[in-house]
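Novice: Below is one structure. I have some questions about it.
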Amino acid sequence: PENSRVSLFSTSSVNPVMGGSGSGGVDSSSSDTMKKALEKEGITVNPLLWAFYDAIPSRDMRSNFGFQSVTYRQYEAPWEDYTTEVLDSFSDYSDAAIIILSRAGGQNSDLEYDPFNYLELDENEQEMMRQVCSLREEGVFDRVVVIINATNPLEMTFLQDFSVDACLLLGTPGQYGLNSLAEILTGEASPSGRLYDTWCYN
């Protein structure tokens, strides 16, 4: 709700996938960041955690405008890189831990399966999920919310591996979808389009 204080987790929180490659490309240069979109709805975002992620160079495909032929790589910060100052900040922004899981994709570029599966969580993402959910069990966070920001269905096994309170499919938000996400998280808008689909367990 409005006036909540939250912590946004993952490098994708500062660098989400806004669209696909090729004809699904989006010029998001004038779009609000996820932090700004939430703040417009009265939500306070953990600035230390945001700055921590913002200082990490992007190491995977996030340029979603054009017909690039790319090799997709997901880079998530290892948990051991989180500073004591960042870890201590969680208790001040504890109404919710919001984890963003992103995957790019689109025309002219196939996703990789071997030697790694791009559509499953990598080791750093799994450790981040494990640590955040443990902090919730310890009472640091009131709830854990997972946002799926992806052009393709992910393997969703992790929803049974980790205890989360909600999981929302954002898809790719385009130029203004992050503002709609903020309205959904505050309860101002309903996320349900009354549609259904089936995603793989593994």
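The values are calculated or read from the model by the stated rules, or taken from the named source; none is laboratory data. Keep in mind the model is a prediction, meaning the values are calculated, not measured. All Cβ positions, glycine included, derive from the backbone under ideal geometry; neighbour counts span all protein chains shown. Side chains are part of the model used for accessible areas, which takes the heavy atoms of the whole protein and leaves out ligands, DNA and RNA. Shrake-Rupley method; radii C 1.70, N 1.55, O 1.52, S 1.80 Å.
Novice: Quick check on my filter: what residues within region 182-202 are open to solvent by 100 Å² or more (accessible area, probe 1.4 Å) and either among the β-branched types (Val, Ile, Thr) or without any contact (Cβ under 8 Å) to a residue 60 or more places away in the chain (or both)?
Specialist: Arg194, Leu195, Tyr196, Asp197, Thr198, Tyr201
Novice: Still on this structure, I have one more. Give the residue, chosen from Asn124, Asn179, that is over 30 Å from Asp88 (Cβ atoms), open to solvent by 20 Å² or more (accessible area, probe 1.4 Å) and assigned to a helix (DSSP H, G or I).
Specialist: Among Asn124, Asn179, only Asn179 is over 30 Å from Asp88 (Cβ atoms), open to solvent by 20 Å² or more (accessible area, probe 1.4 Å) and assigned to a helix (DSSP H, G or I).
Residue-wise test of (1) open to solvent by 40 Å² or more (accessible area, probe 1.4 Å); (2) closer than 20 Å to Ser89 by Cα; (3) not aliphatic (A, V, I, L, M).
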| residue | (1), (2), (3) |
| --- | --- |
| Val6 | no, yes, no |
| Pro16 | no, no, yes |
| Gly19 | no, no, yes |
| Thr33 | yes, no, yes |
| Lys40 | yes, no, yes |
| Phe52 | no, yes, yes |
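Novice: Only one residue in Glu127, Glu138 is modelled with pLDDT of 95 or more and more than 20 Å from Gln74 (Cβ to Cβ), so which one is that? Outline the logic, then answer.
Specialist: On the way: Glu127 fails: more than 20 Å from Gln74 (Cβ to Cβ).
Step by step, each of Glu127, Glu138 is checked, and only Glu138 is modelled with pLDDT of 95 or more and more than 20 Å from Gln74 (Cβ to Cβ).
Novice: Being open to solvent by 10 Å² or more (accessible area, probe 1.4 Å) and among the hydroxyl-bearing types (Ser, Thr, Tyr) narrows it down to one of Ser91, Ser102, so name that one.
Specialist: Working: Ser102 fails: open to solvent by 10 Å² or more (accessible area, probe 1.4 Å).
Selected residue: Ser91, the only one of Ser91, Ser102 that is open to solvent by 10 Å² or more (accessible area, probe 1.4 Å) and among the hydroxyl-bearing types (Ser, Thr, Tyr).
Novice: Can you find a residue in region 135-151 that is open to solvent by 40 Å² or more (accessible area, probe 1.4 Å) and without any contact (Cβ under 8 Å) to a residue 12 or more places away in the chain?
Specialist: yes
Novice: Restricting attention to region 87-122, which residues are modelled with pLDDT of 95 or more and of a type in the set (Asp, Glu)?
Specialist: Within region 87-122, Asp88, Asp92, Asp95 meet the criteria.
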